[in-house]
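The values are calculated or read from the model by the stated rules, or taken from the named source; none is laboratory data. Everything quoted here is computed from the prediction, not taken from an experiment. Virtual Cβ from ideal backbone geometry, glycine too; neighbours counted across all protein chains shown.
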Amino acid sequence: MEHKEYKAINKSVRKKDSMQLLLGKPVYTNDVTPSDALVVKILRSPHANAIVESINTAAAKKVPGVADIYTWEDVPQTRFAIAGQTFPEPSPYDRLIIDRHVRFSGDVVAIIAAETEKAALKAMKLIKVKYQVLEAVQDFRTAKDNPVLVHPEEDWFPPCEVGGDPKRNLVASADEIHGDVEGIMAQCDIVLERTYHTKAYNQAMMEPFTCYANFDRYGRLHIISSTQIVFHTRRILSRALGIPKSRIRVEKPRIGGGFGAKQTAVCDVYPAFVAMKTGRPAQITYTREESQIAGSPRHEMEITLRMGAMNDGRIRVMDLYTLSNSGAYGEHGPTTVGLSGHKALPLYTGSLEAHRFHYDVVYTNHQAAGAYRGYGATQGIFAVESIVSELAEKLGLDATAIRDKNMIREGMLMPAYYNEIANACALDRCMDHCREMFNWEERSKVRDMGGGKVRTAGVAMAMQGSCISNVDVGSATLKLSEDGTYNLIIGAADMGTGCDTILAQMVAELMDCHVDDVAVFGADTDVSPYDSGSYASSTTYITGQAVVKACNVLKNRICAIAAEMMQCGEDEVEFASTCVRRIGTEQSVSLTDIAYKAQVNNTIPAEATQTHTSPVSPPPYMVGMVEIELDKLTGKVDILDYMAVVDCGIPINPALATIQTEGGIVQGIGHTLMENVTYDPSGRPAESSFMQYKVPTRLDMGRLKVEFEHSYEPTGPFGAKSIGEIVINTPGPAIAHAIYRATGKWFRELPITPEMIAMSLIEE
């Protein structure tokens, strides 16, 4: 591992936008929307599966202030996908802006455009719709080859072949195998087979889905959206609306949280369509209820896992099958499911001799699922880590010791992870560090606290990735300003993660300046260089490396301009922070003078644009340990302490990395203990507000402590890997393990509610 002292890297620098946010300055989409914009509202289907036989909008259009109302008869008939993915998308083209066939309770029936929200809502009540109600596919376990088809249309189109077949309700399907799975399974002393189930959790970001659309002074469609994917959104709108991408500009302001939800263009097409039809600015903001019932939640998954091991705890073989519920549309289904195996099975590369990973992604008549932090790895790791803890308990082995015996270590080839090599892996040191910090030996014991309360602990480890290898592209433009400072222009989207600050720190390190001397702008399809967007944990790793490249090129160009000014060769000068010096002399020129020279009789640009992609996606690693207190009378679980040690390579900004980790842990606690999703008979999520959908507060998280074990990733900027997603992956299996230790009961479905615990203990 490389040990190096940096000036700006590995330093806890304050976020660039922190003061604007703290002072309540106008920075979000709603802040920049003009008051005369039309309010866009959506009439949604009350049925999970139905055909709109007729719709009467005459009375609704007469409401004062209503500009127009649009139905399935008014929209283009070109199918598209709203998943933010690189073209050609793995997601099928299976949507229309408004479809006569509504496929979930909450699907779009009509678009209302009005001067005020009050007028739009009044009009909505006056729209008369006659539905032909169809039988719905509500249980994803029965969806495959069900006689009821979610997508019977003939123009369903897959841009990529991923094993989808709408005639079987399949979005995607695949089967991959390495080694003699059944032969090795037969040789094992113990074979466990378990099934694990995780729900369709909502991201519950503070700012709901929102978008503003207008035509600019050049007659181009201008979109301001709370999105993670400006370039993908432009392409999505181009196909949906049938207009060239050259006529569309997409930019993002500040984003009030995304967690993956805004990797999907959930609402953008509706105000864009209204603006096109009316020629007026239009804006949509989903209510919290709409965000809950018609958003882009995590994929519900059921994972069946067989594992073969020896009596000494050596894990030799795993066979993992994932059934994923994509909901009414394909969206991120084909890509999310892959991580349930590819980001879980490799954790045990140290001993694994063979593995099989197969999956089906199915359509149902539930709201479509999408991207959520962890992106399928969360579900897969819950299954794999839980069954390993079950094995440890069954064999009477310490849960950390069995992981020591089997875990991936630096330098190992990972067959279950695209045959990548773990060039930077400190998972073993993370385990040692966390075990000591947590005092695992003592706190993992079951302690009776009296009054029916028990204290004990659980453990889990995790891995993720740092991009989509061979796909993701990051770019950066770096300009020298007239005053000797720098402008950094990016296409990545800061959604509260602090990527603007982290990328500025990289510039500051390489250009030997202060972070405040770097102004960051992004993301805007008219101005920013192309970037896939902020998802798949790729910004620091991919866009960061583009920043490094741009700095090196700009530094050379600055030196070339300076050499011309000093009338010497480029090999005779060196870059020196605020100036360029002629080696071996007192002669130098300032960056300010160089910037002005770049404007006069000059052929060398004082700026650089560079692009980066990667053939590998080096995993970050994490170990989490939790201490709980469980009340056997009520089933209530209190988190006392959660300690985590993360290997994200070299953390560019330790403070931001710590906050990312803490936030992910809290989200994982919510998924494990309280965030529930159930459906009423119509297929509508019952938890449609924060009154029913409980998210964790400061009172639910206990004491969090996060520390880091550094590795050095040679393909990352300054040795960095990602951190955004891995941090959500350990709470589920760690807490489930602790609950078993306290109760003797394994819970294989999340969330594990107090009712479930109490009822299981009553049944003894």
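Which is assigned to a loop (DSSP other than H, G, I, E, B), more than 30 Å from Glu115 (Cα to Cα) and modelled with pLDDT of 95 or more, of Gly295, Gly313? Residue meeting the stated conditions: Gly313. Exactly one residue among Thr195, Thr210 is surrounded by fewer than 22 Cβ atoms within 10 Å (Cβ to Cβ), among the polar types (S, T, N, Q) and modelled with pLDDT of 95 or more, and that residue is Thr195.
Exactly one residue out of Arg429, Arg443, Arg455, Arg447 is touching a strand residue (DSSP E or B) at 6+ places or on another chain (Cβ under 9 Å), closer than 19 Å to Ala720 by Cα, among the charged types (D, E, K, R) and modelled with pLDDT of 95 or more, and it is Arg429. Scanning region 105-154 for residues that are outside the structural domain of Ala275 (by TED's automatic domain parsing) and among the basic types (Lys, Arg) yields Arg141, Lys144. Scanning region 161-215 for residues that are touching a residue at least 24 places away in the same chain (Cβ under 8 Å) and of a type in the set (D, E, K, R) turns up Arg168, Asp175, Glu176, Asp180, Asp189, Glu193, Arg194, Lys199, Glu207. Any residue that is touching a residue at least 60 places away in the same chain (Cβ under 8 Å), assigned to a loop (DSSP other than H, G, I, E, B) and within 25 Å of Ile255 (Cβ to Cβ) - is there at least one of those in region 538-552? Checked region 538-552: at least one residue is touching a residue at least 60 places away in the same chain (Cβ under 8 Å), assigned to a loop (DSSP other than H, G, I, E, B) and within 25 Å of Ile255 (Cβ to Cβ). Across region 732-747, not a single residue is classified as modelled with pLDDT under 95 and crowded, with 24+ Cβ neighbours inside 10 Å. What pairs come out if I take residues in region 17-38 that are within 15 Å of Met495 (Cβ to Cβ) and pair them with residues that are acidic (Asp, Glu) whose C-beta lies under 9 Å away, six or more apart or interchain? Filtered contacts from region 17-38: Asp17/Asp494; Asp17/Asp500; Val27/Asp17; Tyr28/Glu207; Thr29/Glu207. Residues that are out of contact with any strand residue (DSSP E or B) (no Cβ under 8 Å at 6 or more places or on another chain) and of a type in the set (Gly, Ala, Ser) within region 669-702 comprise Gly670, Ser682, Gly683, Ser688, Ser689, listed in sequence order. All of (1) at negative phi; (2) within 29 Å of the chain's Cα centre (by Cα) hold for Glu115 with one exception: (2).
In region 615-638, the qualifying residues are those that are under 19 Å from the mean Cα position of the chain (by Cα) and either part of a loop (DSSP other than H, G, I, E, B) or assigned by TED's automatic domain parsing to the domain that holds Tyr541 (or both), and the one that is surrounded by the fewest Cβ atoms within 10 Å (Cβ to Cβ) is Val616.
Looking at Val171, Val133, Val148, Val230, can you tell me which residue is buried (at least 23 other Cβ atoms within 10 Å of the Cβ) and within 18 Å of Thr364 (Cα to Cα)?
Testing whether each residue is buried (at least 23 other Cβ atoms within 10 Å of the Cβ) and within 18 Å of Thr364 (Cα to Cα) leaves just Val171.
Pairing each residue of region 511-536 that is among the charged types (D, E, K, R) with any residue that is part of a loop (DSSP other than H, G, I, E, B), provided the two are 6+ apart or on different chains, yields C-beta distances under 7 Å for Asp512/Ser577; Asp517/Thr485; Asp531/Val473; Asp531/Gly491; Asp531/Ala492; Asp531/Ala523.
Scan the strands (runs of 3 or more DSSP E) fully inside region 168-287 and keep the ones with 1 or more residues being of a type in the set (D, E, K, R) and in contact with a Leu (Cβ under 8 Å, 6 or more places away or on another chain).
Numbers: elements: 170-178, 190-198, 210-215, 221-225, 248-251, 282-285.
Qualifying strands (runs of 3 or more DSSP E): 190-198, 248-251.
So which helices (runs of 4 or more DSSP H) are wholly in region 1-86 and hold at least 2 residues that are modelled with pLDDT of 95 or more?
Numbers: elements: 18-22, 29-32, 58-61.
In region 1-86, the matching helices (runs of 4 or more DSSP H) lie at 58-61.
Counting only residues that are in contact (Cβ under 8 Å) with a residue 12 or more places away in the chain and assigned to a loop (DSSP other than H, G, I, E, B), region 600-614 holds 6 of them. All conditions but one from (1) in contact with a Leu (Cβ under 8 Å, 6 or more places away or on another chain); (2) surrounded by fewer than 20 Cβ atoms within 10 Å (Cβ to Cβ) apply to Ala110; the one that does not is (2).
Condition test on Ala562, is it buried (at least 23 other Cβ atoms within 10 Å of the Cβ), part of a strand (DSSP E or B) and touching a Lys or Arg at 6+ places or on another chain (Cβ under 9 Å)? So that I can check it myself, show each step before the final result.
On the way: buried (at least 23 other Cβ atoms within 10 Å of the Cβ): yes; part of a strand (DSSP E or B): no; touching a Lys or Arg at 6+ places or on another chain (Cβ under 9 Å): yes.
Taking the combined requirement at face value, the residue does not satisfy it.
Flag: Met643 does not match the condition of being surrounded by fewer than 20 Cβ atoms within 10 Å (Cβ to Cβ) and farther than 25 Å from Asp494 by Cβ.
Does Ser246 meet the test of being small (Gly, Ala, Ser), in the same structural domain as Arg280 (by TED's automatic domain parsing), surrounded by fewer than 20 Cβ atoms within 10 Å (Cβ to Cβ) and within 30 Å of Gly496 (Cα to Cα)? Steps first, please.
Working: small (Gly, Ala, Ser): yes; in the same structural domain as Arg280 (by TED's automatic domain parsing): yes; surrounded by fewer than 20 Cβ atoms within 10 Å (Cβ to Cβ): yes; within 30 Å of Gly496 (Cα to Cα): yes.
Judged against the criteria, Ser246 is a match.
The residues of region 715-739 that are under 19 Å from the mean Cα position of the chain (by Cα) and among the aliphatic types (A, V, I, L, M), listed by number, are Ala720, Ile723, Ile726, Val727, Ile728.
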